[in-house]
1. Test of understanding: in a Gaussian network model of the chain with alpha carbons linked when under 10 Å, which of Ala254, Ala308, Ala167 would top the mean-square fluctuation ranking?
2. Which of the peptides 263-275, 220-232, 310-322, 7-19 is most tightly packed, and how do the rest follow, going by the mean number of other Cβ atoms within 10 Å of each residue?
3. What nm value, rounded to one decimal, do you get for the distance between Arg50 and Tyr319 when each label is placed 7 Å out toward the C-beta?
4. Suppose every Lys and Arg Cβ carries +1 and every Asp and Glu Cβ carries -1, with no other charges. What dipole size does region 276-323 come out with about its Cα centre, to the nearest 20 debye?
5. Divide the volume of the convex hull of the Cα atoms of the chain by its number of residues and quote the answer in cubic angstrom per residue.
6. Could you tell me the center-to-center distance, by alpha carbons, between region 190-264 and region 110-175 in angstrom?
7. Taking H placed 1.01 Å from N in the peptide plane, check which residues at least 5 places from Val7 or on another chain put their amide H under 5 Å from its amide H.
8. Provide Rg over Rh for region 151-289; use the alpha carbon set for both Rg and the Kirkwood Rh (inverse mean inverse pair distance).
Amino acid sequence: MTLSACVIGCGSLGLYFGHRLSTSGAHVTLVKRAPISNAHGAAAIKLSARRQIIQLRGKTPQSTLTKTEVTVTDGLAGLSNCAEPIELPFGIILVTVKHKDTEEVGKQIYNGFNSGFFSPSTIVVSLQNGMGNVEILREQLQGESHLMPVFQGLTYTGVSRPEEYMAQINGLGKTFVGIPNPQENHEMLLTKDVSGILEELASRLDVTFTDGIDSMMWTKLLVNTIINPITSLLDLPNGSVATEKRFQGILSSACKEFEKVARKEKVDLQLGDETAAEFVIRVATNTNSNISSMLNDVREGNQTEIEALNGYIIRRGTYVFTI
């Protein structure tokens, strides 16, 4: 049976993973941003679903452009007005929206479950930036982890969106999926028959399943809380964090503060033999010409994810040093 995948979010990551899944033979539906509702809860715009060509380009503008056709819908409710048949229920949901939209997406998933779009065997994977998204999704699923298991994912592939339905690869990296806080959530794999879908996801997207997803998320958070704000404030590419001496003092201080919070949280950062500062500098060097997602938001006039990144570590630090 062909995998039917629902990708929520039509940003760069949503387009990238939607394209990868579609070209691997999966039936893909891309869900655009949740529509604005009026005071009575009725959608202010007509919801619909239609077929759409999406494109993926390699690391340079001269790279080969590949195209594939997927279904695009305005919110999950738009599936009710789809002219083309869609294989339901979906086997997997990839959530790629901004942190601020997570609560609304969780509500849509819950309503979609009740509408027959998803089943108890559907798995949810958050591939979002920042921390706390899995917890928000679970809360909106009425706190019932047995309703649909929610996994944490992260990717080191860098992607931008030069056009509405085009994604451009800026740097290829690995993608990981795991159970957040496995000591408390180990029952997910014991009570849900999800191994088949996870194996299919791994084969289609070259995803690695890991027991250390929490540590990996914190390590990525370290990088994002340093590189993203500096580059966004001064409109600079990632490499400037490594090459400009004026940033070394604040980089060193911020890394030490981050490490103190991580130790209090009993998190082992995956730094190898490097210090936190050395690790961040190496990542900045390796992504020298990349534009951080936060800077991209600033340039486009969008709300940034500073609260889900730096705000999160400040809140955790305030908590662990006052208890």
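The values are calculated or read from the model by the stated rules, or taken from the named source; none is laboratory data. Model, not experiment: these values are computed from the prediction. Every residue, glycine as well, gets a Cβ built from its backbone with ideal geometry; the counts of neighbours run over all protein chains shown. These area figures cover heavy atoms from the full protein model, side chains too; ligands, DNA and RNA do not enter into them. Shrake-Rupley method; radii C 1.70, N 1.55, O 1.52, S 1.80 Å.
1. Ala254
2. Those peptides, ordered most packed to least, come out 7-19, 220-232, 310-322, 263-275.
3. Those two pseudo-labels are separated by 4.4 nm.
4. So the dipole magnitude of region 276-323 works out to roughly 160 debye.
5. 147 Å³
6. Taking the Cα centre of region 110-175 as reference, the centre of region 190-264 is 17 Å away.
7. The list, which skips near neighbours in sequence, is Thr29, Leu30, Val31, Leu94.
8. 1.02
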